[in-house]
Amino acid sequence: MQGASKRGSEAYPLCTLSFRVSGNEAELARSSFARGSTVRAFHFNNNTAIIPRLSFNNSGGANNYMTLTTRIHLIRHGQVEGFDSPRYNGQTNVALTKIGVEQYHRMKARLKGINISACYTSDLSRCSIGADIICPQFKIEPVKRSELRELNIGLWEGLTWEEINSRWPEEWKARLADMVNYRVPQGENLLDIQSRVMPVIKEFIEKHQGHEILVVGHGGVNRIVLLNAIGAPLSSVFNIEQNFCCYNIIDYYSDGPTTVKLMNEQLL
């Protein structure tokens, strides 16, 4: 058991099924669990026993239902050239630094032994190079998806924040005032990137139900995915940090809940 979540006001184990029991059976189940089970996080609600994973029908027989968990291992690309001056790289290809490449090798070691069955990566080189470093140990080929590209920042791509503020001071202020809706000329806003990214994330989950997959993305892309997972608004985009080559884990349960298990773990 890795944790607990909430539905309504009731705490319950993250992977749950329930079965109906009556009076004496409920008491027997209580005492049996208390004596012999290693499962501690369960409760009875109107004589419904909540236990991990398995579901039983009213007569006590198994109904062959299991909650499937699809896990996404979500990482950001490694450190890139120009990292020391805050800038918008957007969808421009920029080179990884030596540290950025080393970060990917450390991530490869971090993921060793995990049963990852598929990998999807942005087709920008700062992501696809990392996928090529990590995936051979899983004997899988990374699939490049343009939908996973970073936010298109239009005319501001490749420029530092200082340069943008100097050349477009009013537009800079307008974007800071409305990060969700403001669209840089020839670029995207947060609603645009959300409509581009989330459908493919849903596609991955549906295609790989019950499996673990790796997604290599960007700071903006990852924040969109994480905000969606925790049910937070796009306006909170910068309440989430995504450092270079950070590691996130998100579990998607087939009965509805989504749980962020790890966020922004740094290896170097």
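The values are calculated or read from the model by the stated rules, or taken from the named source; none is laboratory data. Note that the structure is a prediction, hence the values are computed from the model and not measured. For neighbour counting, all protein chains shown are included, and Cβ atoms are generated from backbone atoms with ideal geometry for every residue, glycine included.
A few notes on this one:
- Any hit, the range 86-98, residues being farther than 19 Å from residue 212 by Cβ, surrounded by fewer than 16 Cβ atoms within 10 Å (Cβ to Cβ) and modelled with pLDDT under 95: yes
- Checking residue 151 against (1) part of a helix (DSSP H, G or I); (2) in contact (Cβ under 8 Å) with a residue 24 or more places away in the chain, the condition it does not meet: (1)
- The sole residue among 150, 170 that is surrounded by 16 or more Cβ atoms within 10 Å (Cβ to Cβ) and of a type in the set (Asp, Glu) is 150.
- For the range 73-121, a residue qualifies if it is free of Cβ contacts under 8 Å to residues at least 60 places away in the same chain and of a type in the set (Asp, Glu), and the qualifying residues are 81, 84.
- The set of residues from the range 231-268 being among the polar types (S, T, N, Q) and at negative phi comprises 235, 236, 239, 242, 243, 248, 254, 258, 259, 266.
- Among the conditions (1) in a loop (DSSP other than H, G, I, E, B); (2) touching a Cys at 6+ places or on another chain (Cβ under 8 Å), the only one that residue 135 does not satisfy is (1).
Residues are listed down the side, and each one gets a yes or a no for (1) surrounded by 15 or more Cβ atoms within 10 Å (Cβ to Cβ); (2) farther than 23 Å from residue 145 by Cβ:
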site: 218; (1), (2): yes, no
site: 227; (1), (2): yes, no
site: 232; (1), (2): no, yes
site: 235; (1), (2): no, yes
site: 238; (1), (2): no, yes
site: 249; (1), (2): yes, no
site: 253; (1), (2): yes, yes
site: 256; (1), (2): no, yes
site: 264; (1), (2): no, no
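- Lone unmet requirement of (1) over 22 Å from the mean Cα position of the chain (by Cα); (2) farther than 29 Å from residue 132 by Cα for residue 157: (2)
- Qualifying positions in the range 160-186 - of a type in the set (D, E, K, R), under 23 Å from residue 93 (Cα atoms) and within 28 Å of the chain's Cα centre (by Cα): 183
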